[in-house]
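Structure first, then comments.
Read-outs: derived from the displayed coordinates by stated rules, not from any lab. Because the structure is a prediction, the values reported are computed rather than measured. Neighbour counts are summed over all protein chains in view; Cβ atoms, including those assigned to glycine, are modelled from backbone coordinates with ideal geometry.
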Amino acid sequence: MATKQEIFKQAMTICEAEGASEALVTGLTALLEPKKGGQSVDIESIVTRDENGEITHITCRYSNVSLPATSEYFPNDKASKANGLYTVSKQALAIKKAADKTLKASKEAITSDVLNEVIAPAEAKEMIANLTANIDYSTVGELTEEA
């Protein structure tokens with residue numbers, strides 16, 4: 001099976017060979033061109049710079065809290081344009097990881113209850129549908145000496 005990149009190249013070759021209109025090429029490009037992976041973030045909207053243009057603070061994308069742009073608060077990310085730091089704080093990542101773990105355990109408990117005939121499958125489906133990861137990031141903030 002051909003990759004998305006190969007399909008795109010073949011389509012563009014055919015368009016060129018057949019003299020396809022610019023509108024057709026534009027439409028096919030929008031439809032078939034492989035997209036870059038990952039989330040796109042406008043760095044300038046989440047950083048604060050000092051008078052020298054250096055990044056001093058980054059607004060965490062999960063908690064929306066502005067924190068110092070240091071590796072104490074943010075994990076390293078070589079591909080990041082924010083001083084080489086990931087744009088989600090270490091604190092927010094830990095909170096999300098704990099919430100995801102709790103959500104997974106809840107789903108497993110409901111599934112177990114169905115298998116053990118404690119609850120009906122229809123009831124379990126409703127319970128799982130009502131499970132959401134309401135994550136509270138209110139504890140994200142600057143570190144204190146006590147922390």
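Are any of the pairs K35/K78; K4/K101; K96/K125; K4/K90; K35/K107 more than 26 Å apart by Cα-Cα distance, and if so, which?
Violating the 26 Å limit, Cα to Cα: K4/K101; K4/K90; K35/K107.
Given axes a ≥ b ≥ c from the Cα gyration tensor, I'd like to know whether the stretch 1-67 is rounded (a/c under 1.5), prolate (a/b larger than b/c) or oblate.
Taking the square roots of the gyration eigenvalues as a ≥ b ≥ c, the stretch 1-67 is prolate.
Which helices of the chain meet both criteria: a Cα extent of 20 Å or more along the helical axis and a mean Kyte-Doolittle score no lower than -0.5, with helices taken as whole DSSP H segments?
The qualifying helices are 4-18, 90-115.
Let me test this: with uniform point scatterers at the alpha carbons of the chain, what is the Debye-based log₁₀ I(q)/I(0) at q = 0.09, 0.11, 0.13, 0.18 1/Å?
-0.59, -0.76, -0.84, -0.96
Net charge near C60: determine it from the other residues with C-beta under 12 Å of the C-beta of C60, scoring Lys and Arg +1 and Asp and Glu -1.
Net local charge, C60 excluded: +2.
Among S21, S45, S63, whose mean-square fluctuation peaks in a Gaussian network model of the chain (Cα, cutoff 10 Å)?
Ranking S21, S45, S63 by mean-square fluctuation puts S21 first.
Can you list the residues, at least 5 places off or on another chain, whose amide H is less than 5 Å from the amide H of T56, using H built in the peptide plane?
Residues meeting the criterion, in which the H sits 1.01 Å from N, are T48, R49, D50.
Using only DSSP helix segments of four residues or longer, with each worth -39500 (n - 2.57), what per-residue ellipticity at 222 nm results for the chain after dividing by its residue count and rounding to 500?
Computed ellipticity for the chain at 222 nm equals -14000 deg cm²/dmol.
Quote to one decimal, in nm, the extra length available between N116 and A20 on full extension: 0.36 nm per residue of separation minus the C-alpha distance between them.
28.4 nm
Lys and Arg at +1, Asp and Glu at -1: add these up for the other residues within a Cβ distance under 12 Å of Q10 and post the number.
Here the count lands on 0.
Give or take rounding to whole Å, what are the principal axis extents of the alpha carbon atoms in the stretch 41-88, in descending order?
25, 22, 21
Take each of the peptides 27-33, 48-54, average the number of other beta-carbon atoms within 10 Å over its residues, and list them starting from the highest.
Most protected by this proxy first, the peptides run 27-33, 48-54.
Under the definition of Cα pairs under 8 Å and six or more residues apart, what whole-number percent is the relative contact order of the stretch 23-147?
RCO, the stretch 23-147: 18 percent.
Mind sorting D113, D136 by how few other Cβ atoms lie within 10 Å of their own Cβ, fewest first?
D136, D113
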